[in-house]
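Below is one structure; the comments refer to it alone.
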Amino acid sequence: MKKAGKTILTCCKRIGIFLLGMTILLLAVRLVGRLRNSRTPEGGINESMYVEINGVKQWINIYGEDLENPILLYLHGGPGSSTSDIDYAFTRKWADVYTVVTWDQRNCGKSYSPEQNNTVLTKELFLEDGKEITLFLLEHMGKEKITVLGHSWGSFFGANLVLAYPQYYDCFIGTGQLVDMVENEAAFKEEAAKWAAGDKEAMDLVAQLTPQDFTMEHINARNSLLEKYGYGMMVDGSDYDLLTTVLFNPNYSILDWITYFQRDMSIYLDFFNSDEMRAFSLKNRLDYEVPYFNINGDKDYQTNFNLAQAYFNAINAPYKRMFIMKDTTHGLLESKSEEFSELLHEIASIKIEEG
């Protein structure tokens, strides 16, 4: 018995030493990767900071290869779905033609703090946040105007921002463009009913869709239908390695990751199902004072690409152009980041020609 116990103890020690060694190795590899990704390009910029915006600290990163390039402010989706855990992997592909600013909007991602959990989110609050971060960047970078790129909720937010304050922006680029919340969800229910015809289980999910009331039941049913019929956001995976992207993220410490998984996102769920979210509707708001671009996937039913096309056809802008990515769903920034980057470079060249 003593011998068996001694053998078990020795075995446990060896396993412990092995696990410790692997942990140290993983941390060392992570450190090297993070240091590599933290480097500043020669003649460029790589800054991360917290900025006091509208009464609360909000996190931004500024990355570019040439300080003479125009600024592009990237607005993530959600609302509340910060992408700072992975977005450097795709936004840096634009950094040769833009100085890219990634921003964790209030109380999400690295801008999260429990003290904000009682904040009532409103359209006015978001627009003031957007205006203040814009004014900060214009002064900090010594520029006169900014390009806005918004994905999903960010396209909704960004379009409203340039409509409200066109004097600060030289261009709007929407991707996964959202036009109106209620119409978007109604269009999804109509489309999903076609997919589900003859499938009782799927039709039960369709019955749970309530376009006028964005409950968790509605959201879960919508996401299940998207996945079932091959239209899910990440159905095509990503064209870069997500594991190493997370592991070598230069902006996230271990403490940041702990905070990330402890977030209370209930205020965003409340906002999603509120009149304040609906107030961002772009219906009948058709006159833009800046060039308007869209990049949408032809299989995007999360933000319905047909509604985005109809809105694009109706708007008035100094210049407008629509790009359609084939066989592409809502996750185009991750699944086809290279193709998206090529289109963004084309927009940058168009802007130069038009300017």
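Report, in deg cm²/dmol and to the nearest 500, the calculated mean residue ellipticity at 222 nm for the chain, where each DSSP H run with n ≥ 4 adds -39500 (n - 2.57) and the sum is divided by the residue count. Mind dumping the intermediate values first?
On the way: 14 runs with 164 residues, N = 355.
Here the helix-only value at 222 nm equals -14000 deg cm²/dmol.
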Handout entry: GLU139-ASP275 pseudo-label distance in nm [points 7 Å out on the Cα-to-Cβ vector]
Key = 3.5
Exercise for the section: Could you tell me what percent of the accessible area of the chain is made up of carbon and sulfur, with a 1.4 Å probe and every protein chain present? Expected result: 56
Practice task
Would you please classify the overall shape of the stretch 151-199 from the alpha carbon gyration tensor, given that a ≥ b ≥ c denote the square roots of the eigenvalues, rounded means a/c under 1.5, and beyond that prolate means a/b larger than b/c while oblate covers the rest?
Solution key: prolate
Exercise for the section: Could you tell me which of rounded, prolate or oblate describes the stretch 222-355, using a ≥ b ≥ c as the square roots of the eigenvalues of the alpha-carbon gyration tensor, with rounded for a/c under 1.5 and, failing that, prolate when a/b is larger than b/c and oblate otherwise? Expected result: prolate
Handout entry: Charge sum, other residues only, whose C-beta stays under 12 Å from ASP264's C-beta, Lys/Arg counted +1 and Asp/Glu -1
Key = -1
Practice task
Indicate the gyration tensor shape class of the chain (rounded, prolate or oblate), computed on the Cα atoms with a ≥ b ≥ c the square roots of the eigenvalues: a/c under 1.5 is rounded; otherwise a/b larger than b/c is prolate and the rest oblate.
Solution key: oblate
Problem - Ranked by how many other beta carbons lie within 10 Å on average, peptides 340-346, 58-64 from highest - result: 58-64, 340-346
Handout entry: Per residue accessible area of the chain, 1.4 Å probe, in Å²
Key = 47
Fill in the blank from the handout: Quotient of Cα radius of gyration and Kirkwood radius for the stretch 91-216, i.e. Rg/Rh, equals 1.08
Handout entry: All aspartates and glutamates inside 18 Å of LYS123 as judged from Cα atoms, apart from same-chain residues fewer than 8 positions distant
Key = ASP104, GLU132, ASP180, ASP270, ASP275, GLU276
Problem - Cross-link pairs beyond the 28 Å C-alpha cut-off, checked among LYS189/LYS283; LYS283/LYS320; LYS228/LYS336; LYS57/LYS189 - result: LYS57/LYS189
Problem - Residue-span extension gain [GLU289 to ILE324] - 0.36 nm each, minus C-alpha spacing - result: 10.3 nm
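The values are calculated or read from the model by the stated rules, or taken from the named source; none is laboratory data. Quantities reported herein were computed from a predicted structural model and do not represent experimental measurements. Neighbour counts are summed over all protein chains in view; Cβ atoms, including those assigned to glycine, are modelled from backbone coordinates with ideal geometry. For the accessible areas, the whole protein counts, side chains as well, though only heavy atoms, and no ligand, DNA or RNA atoms are used. Shrake-Rupley method; radii C 1.70, N 1.55, O 1.52, S 1.80 Å.
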